[in-house]
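The values are calculated or read from the model by the stated rules, or taken from the named source; none is laboratory data. Predicted model, so just to flag it, every value in this text is computed and none were measured. Counting neighbours? That spans all protein chains shown, and the Cβs are built from the backbone with ideal geometry, glycine included.
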Amino acid sequence: MINKGIRKIDSTAIVTGKPLYTEDLIMHKDVLTLKLLRSPHAHAKIKNIDTSKAEKIPGVVGIYTYKDVPQVRYCVPGQTEPEASPYDRVLLEDTVRFIGDEVALVAAEDEKTALKALKMIKVDYEVLKPVFDAREAEGNEVVIHPEKDIVEPYPFGLDAKNNIVSKEFFEFGDVEAKLKESDFVVESSYKTQSQSHCMMETHRSYSYKDINDRIVVVSSLQSPHNVKRILRKVLGIPSSKIRVIKPRIGGGFGGKNIAATDIFTAFVTMKTGRPAKFVFTRSETFVGSNSRHEMFFDVKVGADKEGNLKAIELKSLNNTGAYGGNGVSVSSESGHNTLPIYNDIDAVRFNARTVYTNRLPAGALRGYGATQGIFAIDSAIDELAHKIGMDPLEFRIKNIIDRYTNGKAAEDEILSCELRQCIEKGKKLINWDDKYPCKDIGNNKVRAVGMAVANHGSGIPRVDMATVTIRMDEDGTYKLLSGLADLGQGADTIQAQIAAEALNTTVDRISIYTGDSDLCPYDTGAFASCTTTVTGNATIKTANKLKDILLSVAESKLGFKKEDLELGKDRVFVKNDNSKFVLLEELGRESVGGIGFASDDVPVVLEATESFGMLKKIKPFIAGFAEIELDKNTGEYKVINFACVPDCGTVINPTLARIQVEGGVMMGIGFAMYEDPVFDKDGRLLTDSFLQYKVPTKKEVGNILVDFAENFDPGGPYGAKSLGEIVIHTPAPAIANAIFNATGVRLRELPMTFEKVYMGMKNNNKQL
């Protein structure tokens, strides 16, 4: 079943409109509609809230302010405890810290009434001075979180009085000395913008009380078990009184790793006893949830005249916005998932800061810090290669990481790496030798190529874990229960393939049940590219345990030793005589009939449960190549070809893997060229709809060429590594490098708009 392009098990249902999403599962006629009053100020104290007029509106059931909710600090990212984020949020608070922050919650019989009530709430604000620029935040007179009860789950450098969320420093070797010894040095600054998730299905949840008076939350989310933990903390009720269900999800990309609506619906259900729903509008999803972290980088790289890289210094400044969600880990990954690419080096220094500002809170978004860091690092590497006079492709081949490497920037041992093969395959796909650096095609238009390389992780060591249960039904088929979250990427299908391989059966004989905190065992959820590797390893362990149980049971039935038996698609048979067998259906029937298989006639349960936790880093690698066509009269350009070759270990499902690559490249091109959140001087997000916020379609992007550099990583399930996030890393630096090859203009700030290219050329190729 491994390395087979099996169709997604839910594909037919999706294209025929059958899957049930969150709103489809609302079964109560008396469900309340929730709406939030949001702050019009970036920074303010609430002096008074008058809800009296709004409460008199017929159909208004309840209006809640900071006076009515638990004042418990929490963080929204759904991760295993202790979360790598400060507990700096309260459900509703008397201080607002960005335009869109929550002020009051309305519960009404219908949406029209709820919206009417919002307009009748009067709020008296004491407007405070905001700080928007991350470069001005540290030590600013404006303190965004002066409160004394912020929790730092473990020491990551929180210094709220100075607007610092986290600090990290890492180095080996003497960076100053090695830079001084270098024949060529590049010192540059880079900026990457925030980015919206733009998932098709906006944030939404629905809650109700079941017959046992337990709160049930149905939500479009990525981490059911972790949202359950957040609800327990905030609401102050036992976990046993909470159930979280994840139905089909219309996309997430990290954005649904937060409890954006869940806490509000659960709170109202707890207070009123009635079911409640909260569905974000598209505008609310833009202004009221979170985005990618805006980041600033200072990079120094040095090499000798032979092209041997000697030192890298990376300084990162991370704007986490009004709250610290994911800020710590995103900042960390901007170095730890970038610097190992160039591990054969004498000296490295990484210095990172995360700061609060009065901007929209940032959070997890596909690529998670590494996308930003790769743009800075690989742009600087390209610049250094040009300064030396080397082909940047050859310069990378000379300096990139190899397999079986440990220490230095890689920290942990790297047991698999085919980055050189990625480059060689990508070079052929894009026809680099013919096209590099640039070709004039007439009419003042040119075609140019650029490239970049990247690495990522596969889950977070000592954080991510998964538990899987597999049991045999009485008809001899299998049920797999897992806490994983399929976001549309085909995670259910991948786990079915892994289980089928381990059990020597077919995918159609395995039913997948996921995303229910009551029925499914613990899983940290879908984030940090962990599902295939972490849950996949747990699936193999569980399947092997169940296989051993089945062979033991068949041993007594067939009269042969376990080592002489083989588990097949629908039976257990004798290895040297497959005419002797027992059907799995027979074993399944007997297991539920109270008939014992063992010598003491004790019934055997045909079920197994096992867990797996990440202990070591498993790193995928990738090479990306952009070919652009650029008009030198206007600066307008288009990606006409993008070649992408990942090393994701064993490719479990080539069809789904290819789709992941294509989707990630499209998203990366959007980040590189088009997506540009615009704020006014007061901190208001102006690009809060798809009319103002541009995302690329297939019309704007040419061919996406995909190949794989397959290998085997001993830490992954059947040698597999992750793929979902690494595929977004290379478009931005590859396109930037192609623009330089076309024009001589080095763009160091995203997005790389046509206007920036034009102005760079106009100003005598001034570097931007």
Spans of strands (runs of 3 or more DSSP E) in the stretch 434-485 with at least 1 residues free of Cβ contacts under 8 Å to residues at least 60 places away in the same chain and in the same structural domain as Glu411 (by TED's automatic domain parsing): 438-442
What is the one condition in (1) part of a helix (DSSP H, G or I); (2) surrounded by fewer than 18 Cβ atoms within 10 Å (Cβ to Cβ) that Ser511 does not satisfy? (1)
How many residues are closer than 15 Å to Ala376 by Cα and assigned to a loop (DSSP other than H, G, I, E, B) if we restrict to the stretch 707-755? 8
Quick check on my filter: what residues within the stretch 23-38 are surrounded by 19 or more Cβ atoms within 10 Å (Cβ to Cβ) and free of Cβ contacts under 8 Å to residues at least 24 places away in the same chain? none
Sort through Gly635, Gly663 and tell me the only one that's out of contact with any Gly (no Cβ under 7 Å at 6 or more places or on another chain), on the phi > 0 side of the Ramachandran plot and modelled with pLDDT of 95 or more. Gly635
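Let's see how each residue does on (1) crowded, with 21+ Cβ neighbours inside 10 Å; (2) modelled with pLDDT under 90; (3) within 16 Å of Ile249 (Cβ to Cβ):
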position: Thr493; (1), (2), (3): yes, no, yes
position: Thr505; (1), (2), (3): yes, no, no
position: Asp516; (1), (2), (3): no, no, yes
position: Asn537; (1), (2), (3): yes, no, no
Which residues, taken from the stretch 346-373, are outside any helix (DSSP H, G or I) and within 24 Å of Pro646 (Cβ to Cβ)? Ala364, Leu365, Arg366, Gly367, Tyr368, Gly369
Looking only at residues that are of a type in the set (Lys, Arg) and modelled with pLDDT of 90 or more in the stretch 9-46, which one is farthest from Lys256 (Cα to Cα)? Lys45
Residues to consider are Phe597, Phe612; find the one that is under 30 Å from Gln421 (Cβ atoms), at pLDDT below 95 and aromatic (Phe, Trp, Tyr). Phe612
Any residue that is in the same structural domain as Ile739 (by TED's automatic domain parsing), at positive phi, of a type in the set (Gly, Ala, Ser) and at pLDDT 95 or above - is there at least one of those in the stretch 385-398? yes
Residue tally, condition part of a helix (DSSP H, G or I), β-branched (Val, Ile, Thr) and over 17 Å from the mean Cα position of the chain (by Cα), over the stretch 330-345: 1
For the stretch 564-575, indicate whether the set of residues that are modelled with pLDDT of 90 or more, in contact with a helix residue (DSSP H, G or I) (Cβ under 9 Å, 6 or more places away or on another chain) and assigned to a helix (DSSP H, G or I) is non-empty. yes
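Right, Arg232: out of contact with any Gly (no Cβ under 7 Å at 6 or more places or on another chain), without any contact (Cβ under 8 Å) to a residue 60 or more places away in the chain and not aliphatic (A, V, I, L, M) or not?
yes
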Restricting attention to the stretch 523-563, which residues are part of a loop (DSSP other than H, G, I, E, B) and farther than 25 Å from Asp713 by Cα? Gly559, Phe560, Lys561
Answer yes or no: is there a residue in the stretch 281-303 that is in contact with a strand residue (DSSP E or B) (Cβ under 8 Å, 6 or more places away or on another chain), small (Gly, Ala, Ser), closer than 30 Å to Pro392 by Cα and touching a residue at least 12 places away in the same chain (Cβ under 8 Å). yes
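Within the stretch 379-387, can one find any residue that is assigned to a helix (DSSP H, G or I) and under 26 Å from Asn162 (Cβ atoms)?
Among the residues of the stretch 379-387, not one is assigned to a helix (DSSP H, G or I) and under 26 Å from Asn162 (Cβ atoms), which makes the answer no.
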So, of the residues in the stretch 252-278 that are buried (at least 22 other Cβ atoms within 10 Å of the Cβ) and among the β-branched types (Val, Ile, Thr), which turns out to be farthest from Gly683 (Cα to Cα)? Thr269
Given (1) acidic (Asp, Glu); (2) without any contact (Cβ under 8 Å) to a residue 24 or more places away in the chain; (3) touching a strand residue (DSSP E or B) at 6+ places or on another chain (Cβ under 7 Å), identify the lone condition not met by Asp346. (2)
For Asp682: the one exception among (1) over 22 Å from the mean Cα position of the chain (by Cα); (2) over 23 Å from Ser196 (Cα atoms); (3) in a loop (DSSP other than H, G, I, E, B): (2)
